Each structure stands twice: as C-alpha cells, then as structure tokens.
Amino acid sequence: MKSFAFSLPLFVSTIVFSADQNWPEWRGPDGQGAAVARNVPVEWSETKGVVWRTELPGRGWSSPVISSNEIWMTTAIEKTASPAETERRLKENTGDQPLTVLESVSLRAVCVARDSGKVLRDIELLNVKEPQWVHQLNSYASPSPIIEDGRLYAHFGALGTACLDTASGKVVWKNEEIHIMHENGPGSTPVLWEDRLIIHFDGSDQQFIAALDKNTGQLAWKTARSGAMNARDQLKKAYGTPLIVKMNDKPVVVSPAADWVYGYEPATGKELWKVPYGELGFSMSVRPVADAERVYLSTSFGKSKVIALKYAGVTTPEIAWQNNKNAPKMSSPALFNGLLFYVDDGGIVSCVDVKTGEALYRERLGGKFSSSPIVADGKLYFGSREGVVSVVEAGKTFKLLAQNKLDGQIMASPAAFDGTIFIRTDKALYRIGR
C-alpha cells in the first residue's frame, strides 16, 4: 500500500505511515488530540454501541496506538512489597503523597486486534526489581508508546525504554541506563523525530531532556535544564511531554518543565530559548498544543495557569496572554477553529479565544479529570476518572451532547478512527461505534 507522511502546517511529523496506520502516538497523528475521523459515535453505554470489550492484564494508564489491525498499549504486572519493606522504602520519600511500593514489576506490551478485540500478543519488555514507588493515581505504565514501520517504542521513565519488533514479537533493544528519581512514578511520553526518540527526564534529583537513537537505543544527546528553579526538590520535578513545532521554518522541540518552557534543536539537543512561567509551575503531565502563531500549555501544579507563547516572527517566544482560571493540572488542551478547550481536574471545561485568552464560557461537566481530550468531527471527548465520557460541541457556545458511562475509571486518552472510538479504562479496552 502506498505510504505518505502526515503533517499539519505547523507541526513537524516525520512518522511515515500507510492509510491503515492511523493513530501512531499519544493524542493522534499530530500529537495534539486532533482526529480526522468522521461519524464518530456520540452516545453509548456498557450495553449500547459497544462493538467489543476486551479485559486487559495488569495496570497501566498508557493510551492506545493503532497500526492497521493492531492496537498496542503498555501495562504493568505488579508484585506488591511486604508491609515491612514498604515501610522501609517509604522512609526514603521526601513527599507526602499516597504511594504504591512493589517488590518487582513486569512491564509489558499488549496487542489487541482492531476488528475482533482478541488479544494477539502480551510480551514482557522489561522486568524491574524494587522499582521506584508510584503515586496511587499513577501507574508504572503511564507513558504511551509510539508505533512506526513495524516498531513499537515503549518508555517507562527511569525504569527503562524498549523497542519491539511488532511482527516477530522480539525485543530489538533496551536502554535501562538512565536513572532519575520521579517521586511519583513515570509520566512523560516520548516524541519521535527522524531517528531520535526524545524524552523528558525531570526528577527531584536531576532534570534534563535526552534523545535515544531509535535504531540502537543508545544515548544520542542529553541536555541539562538551565535556569533557576525552586529550592525544594519536590518542586523541580515534571512529567510533561514535548511537542515538535515548526518555528520560523525550523523544527523546535517545545518542552515544558518545572518553572520554564524550553525550545531545543531536535537533532542535537541544543537549547534555543527558554521562557519562565513567572510563578511556580511543576509536576505537569500535559503536552502543549500549537497553531501557526502560538503554543499553548498549562503550568500545572503551583499557581496553575494557561499560557499562550507567541513564536511567529520572533527569535525567542514571548507570553502573549495567560489565564489563571480553571487551568488544568493533568489534562492537556485541544485546539479547534481558533478556540482552545481544556478541562480542569475538578471538571470545569473552558473555551478560550486563542488570540486574546478571553474565556467564552466555563461550564461544569462533573467528575475528576486526568485524561486528555480529543476533538473529532467537530466534537470534544472528555474522559473522567469516574468512567464518564462527556461529548461537547466544539463551538463558542457550550453544548453538552451526551455523557456516557463505562465500567471503570478513565486515565488514558481516547483514539478515534473510521467512525469508531477506542477507550481504555482501568479494566478494559472498548471499541465503540461501527
């Protein structure tokens, strides 16, 4: 089948895929939650509109990626530590969050058939003894994989990264050499650019961005975060995901970290610019979105706010506007027709004019949110930790089209393709639609 490269005017995507390879990374082909799908379902339940439901092994919040008839996710099979060992290791923790401590964890890639929902593969990628603890809202398999040309790239933070040959099921390479202290577990999803797998490593002990050679897994470059940060180690960590944006005809890795958002050269890791938030921002698990003039991101915890960085026509991006009302701490925003949409952790959805930052509405959906929304066929899909997907019209006026309840909680982001939507809960993967 003829292959082609998917790209948007501003976004640099070097992932080459066929017409059947339709959702290669977290938040879709452009990495920003924009689906090209049409006739995506609006209403469903456990007993209505479900084509199939497949229970998944282990525990993981990674979002599904799709290549032809294969849907891939990562998961973790956990072996809990004894009470005495848990108490001993938690004494090393400097924070005050509810944590899970394990004796060991098997980190795995699971493949489900798109047409039937049958589990096709369940492959161990890494096995880690006495892994770092994770926050109880997090998992050991929260970063989402990337699929490209028969290779699956799966990242598990400081626990390691692996490349899988999806045809043979063999692990091509592993890298278990990069270590930081996450405090709350892994969260950052990589981005693929040419032969570079670019990853954030923002721990409480050290903070840097790095790239692995996608063919060998070896370290290609590593760049320490520059600029002053908060004196407290817990406030230096971050879990953000980069976005590659074409700025003034050159690809730039836009990289949100604690207190700063950075721009890097993807080939070498050279820092091109950095912009301070102006107030404390840390522990973000968000990914920026961008249009032809600005980049939009949330500074997450601390004094959370949404920032618009103008980059068009300037050497160093500058803050065009900022909005500190109902800014999300965990969920990433979505763009559609000059509007920016986002939902805060407590279920308030906002619609903002991208040029001015003016809020056109703020409305309550209800529930708590960690998952990032997608926009498909002029509609927004927001998944809550209570297992409810709220479908909202992507316009200047708030219009709630449906709220659909599934069994379980939703931490992963949906994927949409060809009149269907795929939703991962903590219990199962659903195909909804036709």
Could you check region 216-237 and list, in sequence order, the residues that are part of a loop (DSSP other than H, G, I, E, B) and open to solvent by less than 30 Å² (accessible area, probe 1.4 Å)?
G217, R225, K237
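Under the condition of being modelled with pLDDT of 50 or more and open to solvent by 40 Å² or more (accessible area, probe 1.4 Å), which residue from region 1-41 is nearest to the chain's Cα centre (by Cα)? Let's see the steps before the verdict.
In the first step, residues of region 1-41 are kept if they are modelled with pLDDT of 50 or more; the result is 22-41.
From what's left, open to solvent by 40 Å² or more (accessible area, probe 1.4 Å): 36, 38-39.
Working: V36: 19, R38: 23, N39: 25 Å.
Once the filter is applied, the top-ranked residue is V36.
Please go through region 396-421 and pick out each residue that is open to solvent by 50 Å² or more (accessible area, probe 1.4 Å) and either β-branched (V, I, T) or outside any strand (DSSP E or B) (or both). I'd like the intermediate steps shown before the answer.
Taking region 396-421 and keeping what is open to solvent by 50 Å² or more (accessible area, probe 1.4 Å), we get 396-401, 403, 405, 407, 409, 418.
Within region 396-421, K396, T397, F398, K399, D407, Q409, D418 meet the criteria.
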Could you grab me the full set of residues in region 318-332 that are in contact (Cβ under 8 Å) with a residue 40 or more places away in the chain and either open to solvent by less than 10 Å² (accessible area, probe 1.4 Å) or in contact with an Asp or Glu (Cβ under 8 Å, 6 or more places away or on another chain) (or both)?
P328, K329, M330, S331, S332
Are there any pairs with C-beta distances below 6 angstrom linking a residue in region 130-156 that is within 17 Å of T100 (Cα to Cα) to a residue that is open to solvent by 10 Å² or more (accessible area, probe 1.4 Å) and at pLDDT 90 or above, with the two at least 6 apart or on different chains, and if so which?
P131/L159; Q132/H182; H135/N184; N138/N184; S139/R59; S139/W61; S142/W61; S142/G187
Pairs, first touching a residue at least 12 places away in the same chain (Cβ under 8 Å) in region 342-369, second open to solvent by less than 30 Å² (accessible area, probe 1.4 Å) and among the aromatic types (F, W, Y), C-beta under 6 Å, six or more apart
V343/F369; V343/F382; D345/F369; S350/Y342; C351/F341; C351/Y361; G357/W321
Give me the residue from region 314-326 that is under 19 Å from S255 (Cβ atoms) and part of a loop (DSSP other than H, G, I, E, B) and, out of that set, nearest to the chain's Cα centre (by Cα).
P317
Please find, within region 111-138, the residue that is farthest from G433 (Cα to Cα) out of those that are at pLDDT 95 or above and open to solvent by less than 10 Å² (accessible area, probe 1.4 Å).
L126
Hey, can you tell me all the residues within region 155-176 that are closer than 19 Å to V112 by Cα, assigned to a strand (DSSP E or B) and either in contact with a helix residue (DSSP H, G or I) (Cβ under 8 Å, 6 or more places away or on another chain) or of a type in the set (D, E, K, R) (or both)?
D165
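Name the residue, out of G302, G269, G240, G278, that is open to solvent by less than 10 Å² (accessible area, probe 1.4 Å) and more than 16 Å from the chain's Cα centre (by Cα).
G269
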Any idea how many residues of region 174-201 are over 22 Å from P288 (Cα atoms) and aliphatic (A, V, I, L, M)?
3
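Inspect region 282-293 for any residue being more than 19 Å from the chain's Cα centre (by Cα) and buried (at least 17 other Cβ atoms within 10 Å of the Cβ) and give the result as yes or no. Show your work before the answer.
Taking region 282-293 first, the residues more than 19 Å from the chain's Cα centre (by Cα) are 292-293.
Okay, now just the ones that are also buried (at least 17 other Cβ atoms within 10 Å of the Cβ), so none.
Looking for residues that are more than 19 Å from the chain's Cα centre (by Cα) and buried (at least 17 other Cβ atoms within 10 Å of the Cβ), one finds none in region 282-293, hence no.
The values are calculated or read from the model by the stated rules, or taken from the named source; none is laboratory data. All values reported here derive from a predicted model rather than from experimental measurement. As a convention, Cβ positions derive from the backbone with ideal geometry for all residues, glycine included, and neighbour counts pool all protein chains shown. SASA here: full protein model, heavy atoms, side chains in, ligands and nucleic acids out. Shrake-Rupley method; radii C 1.70, N 1.55, O 1.52, S 1.80 Å.
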